[in-house]
Amino acid sequence: MILIAIISLGGIGAAGAALLYATSKKFEVYEDPRISEVQDALPAANCGGCGFPGCAGFAAACVKADSLDSLNCPVGGASVMEKVATILGKETSKADPTVAVVRCNGNCDARPQINLYDGATNCAIASALYGGETGCSFGCLGMGDCEVSCDFDAIHINPVTKLPEVIEDKCTSCGACVKACPKNIIELRKRGPKSRRIFVSCVNQDKGGVARKACSNACIGCSKCEKECAFDAIKIENNLAYIDPVKCRLCRKCVVVCPTLAIHELNFPPRKEKEAEPVAKAKLQPEVAASITAATPEN
């Protein structure tokens, strides 16, 4: 009886194993071995900055794509994409490295508080409920959704200004902070030569007088920067100036003519005395109402 039971169980086991083997072969899904090779070459950040669900998804997309021109790993950058191209025997175009910039300069001194928010300390929730504690409904809420979203410790809320600040060396351009900000004030911009950038640090689309009343650092849409730019890199839309990072030649002339100092220049050498004088005078002016009136009489 024992021998019969052993033979029976052995037969059942063998039949089950054969059935499982046949099933696995029938429903086998072939995976290109290059996918794992590409995945090993990636930084394994799984940040989603490439637009795919993790590094595995990006690796599969690279293998299936006819060209790598539209694919980029923002964390790994050009060096990683070159490795991927070598593995797959494809060519890749060099994408300009980018970095996150905060397009809001409405610190506590520039934007006086007009009410007090007493709710969940979450930018998305606060943005859905009301416009903010200041007169500017476009600016940063300062509750740190961007800081929480960053896996690389590259952005923090300044406790004094209540504005986010980007640590350039740590920023991987994954775009998590861009997605997390409900006010859309964070943008990925071209890092620029020697990490030099010029951009309008404001997203307020109100007319000049209204914007200036809400924030002394706001762009007033006066068009002075647009007229000064010889490269057609600045456009005024919805009462707001925007600098095209592709067309901008970093001449910094627009920075000097901005009456509210809404245009920021990063990582440039100190200006010469003659160049610095107009900027210094602008910083000393507590009010720029005359500039607003002259530049935007309709407001």
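Based on other C-beta atoms within 10 Å, arrange Val80, Val148 from fewest to most. Kindly include the intermediate steps, with their values, before the conclusion.
Working: Val80 18, Val148 15.
Going from least to most buried by this count: Val148, Val80.
Using a Förster distance of 25 angstrom, determine the FRET efficiency expected from the C-beta separation of Val148 and Asp118, and round it to 0.05. Mind showing how you got there, number by number?
Working: r = 20 Å, r/R0 = 0.82.
It comes to 0.75.
Non-local amide H neighbours of Ala241 (under 5 Å, H modeled in plane, Pro and chain starts lacking H): which ones?
For Ala241, whose amide H was placed from the backbone, the distant partners under 5 Å are Gly221.
Evaluate the distance, in nm, between pseudo-label points positioned 7 Å from the Cα of Leu20 and of Glu273 along their respective Cα→Cβ axes.
Between Leu20 and Glu273, the label points sit 8.6 nm apart.
If you average the C-alpha positions of segment 139-172 and of segment 80-110 separately, how far apart do those two centres end up, in angstrom?
18
Could you give the distance between the Cα centres of segment 186-227 and segment 19-68, to the whole Å?
Between the Cα centres of segment 186-227 and segment 19-68 lies a distance of 42 Å.
Simple spin-label model, 7 Å along Cα-to-Cβ: Ile12 to Asp109 in nm?
8.3
Given H placed 1.01 Å from N in the peptide plane, which residues other than close sequence neighbours of Ile155 have an amide H under 5 Å from its amide H?
Ile167
Assuming 0.36 nm per residue, please report the length gained on full extension of the stretch Ser195 to Glu168 beyond their Cα-Cα distance. If you can, show how the numbers build up before the last one.
Details: separation 27, 0.36 × 27 = 9.72 nm, distance 0.87 nm.
Stretched out fully, the Ser195 to Glu168 stretch lengthens by 8.8 nm.
What FRET efficiency, computed as 1/(1 + (r/R0)^6) with R0 = 45 Å and r the Cβ-Cβ distance, is obtained for Val210 and Ser93, rounded to the nearest 0.05? Numbers along the way, then the final one.
Details: r = 44 Å, r/R0 = 0.97.
So, using R0 = 45 Å, E works out to roughly 0.55.
Which entry is the computed mean projected area of the Cα convex hull in nm² for this structure: (1) 20.7; (2) 24.8; (3) 19.8?
(2)
Using r as the Cβ-Cβ distance of Arg34 and Lys179, and R0 as 30 Å, what FRET efficiency do you calculate, to the nearest 0.05? Please list the in-between numbers first.
Values: r = 30 Å, r/R0 = 1.00.
Rounded to the nearest 0.05, the efficiency is 0.50.
Distance cut-off 30 Å, Cα to Cα: go down the list Lys83/Lys179; Lys94/Lys162; Lys170/Lys207; Lys64/Lys194; Lys190/Lys224; Lys190/Lys253 and report the pairs above it. Display every interim value, and only then the final one.
Numbers: Lys83/Lys179 28 Å; Lys94/Lys162 36 Å; Lys170/Lys207 36 Å; Lys64/Lys194 35 Å; Lys190/Lys224 24 Å; Lys190/Lys253 19 Å.
Violating the 30 Å Cα-Cα cut-off are Lys94/Lys162; Lys170/Lys207; Lys64/Lys194.
Each value in this text was obtained by applying a stated rule to the coordinates, not by laboratory testing. None of these values were measured; they are calculated from a predicted model. Quick reminder, even Gly has a Cβ in these numbers, built from the backbone with ideal geometry, and neighbours come from all protein chains shown.
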